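The values are calculated or read from the model by the stated rules, or taken from the named source; none is laboratory data. Computed from a predicted model, the values in this text were never measured in an experiment. Here the Cβ positions follow ideal geometry from the backbone for every residue, glycine too, while neighbour counts run over all protein chains shown.
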Amino acid sequence: MLVSPGMAGTDRPARRGAVALAGIAKRFGEVSVLRDVDLEVRAGEFITILGPSGCGKSTLLRIIAGLEPQSEGTVAIDGMSMDGLAPDKRDIAMVFQSYALYPHLTVAENIAVPLRMRRLTRLQRLPGAGVLRGVRSTNGSIAEAVRSVAATLRIESLLDRKPSQLSGGQKQRVALARAMVRQPRAFLMDEPLSNLDAELRVHMRAEIAQLHRELGATFVYVTHDQAEAMTMSDRVVVILDGQLRQIGSPAVLYRDPHDLRVAQFVGTPRINVFPAVATPVGIGVLGMPVARDSGLAIGTRLQAAIRPERLAVTTGAGIPGRIVFRENLGSDLFLHIALHGMASPAIVRCDPSAIEATEIGATVQIRFPAEHLLLFDGEGRRIARDG
Amino acid sequence: MTGRRLSRTMRGVRHLVLGLGAVVMLAPFVVMVATSLKPKDEIFTPEFHLLPHRLGAAENYHEALTQVPLLHFLLNGVIVTAAIFVLQVLVNVPAAYALAKLRFRGRSTLFGAVLVCLLIPYQATALPIYILFHWLGLLNTYAALVLPFTISVFGIFLMRQFFLGVPDDLIDAARIDGMSEYGIVWSVMAPAAIPALVAFGIFSVVAHWNDYFWPLIAVGEQGLYTPPLGIAHLKLNGEGTAYGPLMAAATIVIAPLVIAFLVAQRRFVEGIVFTGLKG
């Protein structure tokens, strides 16, 4: 398996929170949601489970948490089997998309709940038990822990408010604080930023990544947003239709996808896919001969994919097309170019300075370097990965 | 313009109809209070006037409170309605939680049974319960007044509908925080369901404070009489004509509910609105 760059250095102390999944399958009645998932999350790693909605990624997280029993396979944390263990016995914390704060408790009380449940007995939690000496000192240490975690997340001023008086971003901070307060060995996050507005989402991304660096705990982060996965994670796990398709660092996933659907899911704008056919001299892409050995029998159909930044508009020989749309983002200019025989236009990234030279409706030629084509077979499996 | 004038006429008609309805609803209570203030001779005059010429309130209320142990009946009423409500909540909330949020075999059948039970009037089961309590030797006890009502299918249904709206994530968060299922029921679901509990409490307390049918069957001993039985007893005890004390007793019995309603009016309306929306 690849060791991704920027991973935990060897100088750090031994960490907890290595999550190992082996042969996980989940069925709801007849419906199979997850099949044969093997995954080793290293201690202290930030791993993102990425997939479209309904792919089973949240179910996988709930299986790790113990909220949902798996139909097959085993879950282990730090080498200890977690199978059949209740969620609170697994020493993990979870952050939910809906924040899941207790509406009738203040922020401070919300954050204190995990500690109260662990450090106080049922009797000691009764109202009025605070007069007992042992309870009072425990309550003091809990309040101290709440204050310290609130300081880390800069929500000290909110401690006396009720969740209904908070904004979405504040609520998610409180939910993070509640997860952090008992220093679990792993944080499980189920689309924590999806309910926030775009600007705040980008801001919180950086903040969560920063938090991960400070805490050094394992983060398992579920999202359908490939931008979140690419920006925050050490490694990304792509799940499609209940199956793990690829694990790798964001860079590897982008550069070297094993599956056409992984290639399409990662990266914006989407990767361009052209029909191709194996020829005696290589392959033919949209009628243009390309010197790439597919290793397939002559005449076999395949799919050639290429990232928008690898395509170029040229005045020389190329595939002719017509500009149908221009997206000027300031830093980049994306040209949508309709090609003959293609249902959706190809997207080409250009330098924005090229805007003067382009015009909607104009006919241009596009070309691409053969070595940057990613080839996939009819089922979408990557072929000729050496290229 | 025409539309506006028309709607104004409609509004007038609407208010008239509602006003008449209010008069019809309130009239018996007005007569009750007025009669309770009149001396005996004024009650039986052939011509009716609303306000008493001479106050007979003191003797009527005095008689109502002394001729029968009305305060004792009121205390019985408080004990019985409070016990019923507390036990109903203890049963309803966990049952509703299970029906709304837990996955188990037979859940939909059980919920179907709850719905069917909603359709059965309690008079239909009164006789079997009476015979059962006779066998158990429970007749003529507080238990006889309380136990038949401890399982309120209406309450289970109402609370289940409310719990359906509580996000699953909240329950999962509580599980991860280390709460037991009962812990979730009482420290997460119940506090979230205060509006629903208030609404249910009003229905329950009003129904059982005013209940006449079951107490009449279940208890024969005066010491266990609930307020409605007490009023009836007052009527039967006299010569059948002591309307002044009778109306005074009725006023006393209704007063706690009216006062409670006035105090919690806003909550009450919220509860009705809430059940209307959710149901």
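Here are the numbers:
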item	result
Residue in region B:84-99 that is under 21 Å from B:Val253 (Cβ atoms), surrounded by 17 or more Cβ atoms within 10 Å (Cβ to Cβ) and not basic (Lys, Arg) present	yes
Qualifying residue in region A:69-92 (condition: under 16 Å from the mean Cα position of the chain (by Cα) and among the β-branched types (Val, Ile, Thr))	no
Only one of B:Arg8, B:Arg54 that is charged (D, E, K, R) and in a helix (DSSP H, G or I)	B:Arg8
Lone qualifier among B:Arg105, B:Arg160 - being within 14 Å of chain A (Cβ to nearest Cβ), out of contact with any Asp or Glu (no Cβ under 8 Å at 6 or more places or on another chain) and of a type outside the set (A, V, I, L, M)	B:Arg105
Qualifying residue in region B:68-82 (condition: more than 28 Å from B:Ile252 (Cβ to Cβ), under 23 Å from the mean Cα position of the chain (by Cα) and not in a loop (DSSP other than H, G, I, E, B))	no
Selection count, region B:77-102, where residues are out of contact with any Asp or Glu (no Cβ under 9 Å at 6 or more places or on another chain) and more than 26 Å from B:Asn210 (Cβ to Cβ)	2
Residue tally, condition touching a Gly at 6+ places or on another chain (Cβ under 6 Å) and part of a helix (DSSP H, G or I), over region A:61-75	0
Candidate set from region A:76-106 (those that are assigned to a strand (DSSP E or B) and either of a type in the set (Lys, Arg) or surrounded by 22 or more Cβ atoms within 10 Å (Cβ to Cβ) (or both)); member that is farthest from the other protein chains (Cβ to nearest Cβ)	A:Ile77
Selection status of A:Ala186, of a type in the set (Gly, Ala, Ser) and over 28 Å from A:Ile142 (Cα atoms)	no
Looking only at region A:107-138, and only at residues there that are more than 14 Å from every other protein chain (Cβ to nearest Cβ) and modelled with pLDDT under 85, the one that is surrounded by the most Cβ atoms within 10 Å (Cβ to Cβ)	A:Ala129
Residue selected from region B:187-205 under the condition within 11 Å of chain A (Cβ to nearest Cβ) and in contact (Cβ under 8 Å) with a residue 40 or more places away in the chain, by the criterion surrounded by the most Cβ atoms within 10 Å (Cβ to Cβ)	B:Ala193
Unique residue being assigned to a helix (DSSP H, G or I), within 29 Å of the chain's Cα centre (by Cα) and of a type outside the set (A, V, I, L, M, F, W, C) when the list is A:Gln172, A:Gln183	A:Gln172
Failed item in (1) outside any strand (DSSP E or B); (2) basic (Lys, Arg); (3) over 26 Å from A:Ile366 (Cα atoms), with A:Arg245 passing the rest	(1)
Some residue of region B:89-101 being within 14 Å of another protein chain (Cβ to nearest Cβ) and more than 20 Å from the chain's Cα centre (by Cα)	yes
Residues within region A:29-49 that are in contact (Cβ under 8 Å) with a residue 40 or more places away in the chain, within 18 Å of A:Ala186 (Cβ to Cβ), not in a loop (DSSP other than H, G, I, E, B) and not aliphatic (A, V, I, L, M), tallied	3
One residue from A:Arg205, A:Arg201, A:Arg161, A:Arg213 being under 19 Å from the mean Cα position of the chain (by Cα) and farther than 18 Å from A:Ile47 by Cβ	A:Arg201
Near pairs, Cβ below 7 angstrom, 6+ apart or cross-chain, from region A:81-95 (acidic (Asp, Glu)) to any residue that is in a loop (DSSP other than H, G, I, E, B)	A:Asp88/B:Gly178; A:Asp91/A:Pro184; A:Asp91/A:Arg185
Residue match in region A:4-20 (condition: farther than 23 Å from A:Arg261 by Cα, β-branched (Val, Ile, Thr), outside any strand (DSSP E or B) and modelled with pLDDT under 95)	yes
Restricting region A:64-75 to residues that are more than 8 Å from chain B (Cβ to nearest Cβ) and among the aliphatic types (A, V, I, L, M), the residue that is farthest from A:Ile47 (Cα to Cα)	A:Val75
Matching entry among B:Gly230, B:Gly137, B:Gly220 (being under 28 Å from B:Gln67 (Cα atoms), more than 14 Å from chain A (Cβ to nearest Cβ) and surrounded by fewer than 18 Cβ atoms within 10 Å (Cβ to Cβ))	B:Gly220
Selected residue (criterion: nearest to the chain's Cα centre (by Cα)) from residues of region B:208-217 that are farther than 11 Å from B:Val146 by Cβ and surrounded by 21 or more Cβ atoms within 10 Å (Cβ to Cβ)	B:Trp209
Some residue of region A:227-238 being assigned to a strand (DSSP E or B) and of a type in the set (S, T, N, Q)	no
Residue among B:Asp168, B:Asp177 that is within 14 Å of chain A (Cβ to nearest Cβ), closer than 25 Å to A:Ala177 by Cβ and surrounded by 21 or more Cβ atoms within 10 Å (Cβ to Cβ)	B:Asp177
Candidates A:His212, A:His203 - the one that is assigned to a helix (DSSP H, G or I) and buried (at least 20 other Cβ atoms within 10 Å of the Cβ)	A:His212
Check on A:Pro52, more than 14 Å from chain B (Cβ to nearest Cβ) and assigned to a loop (DSSP other than H, G, I, E, B)	yes
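Condition check ((1) farther than 21 Å from B:Arg175 by Cβ; (2) free of Cβ contacts under 8 Å to residues at least 24 places away in the same chain; (3) not acidic (Asp, Glu)) across all residues:
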{"position": "A:Ala108", "(1), (2), (3)": "yes, no, yes"}
{"position": "A:Arg118", "(1), (2), (3)": "no, no, yes"}
{"position": "A:Arg122", "(1), (2), (3)": "no, yes, yes"}
{"position": "A:Arg125", "(1), (2), (3)": "no, yes, yes"}
{"position": "A:Leu132", "(1), (2), (3)": "yes, yes, yes"}
{"position": "A:Ala150", "(1), (2), (3)": "yes, no, yes"}
{"position": "A:Ser157", "(1), (2), (3)": "yes, yes, yes"}
{"position": "A:Met180", "(1), (2), (3)": "no, no, yes"}
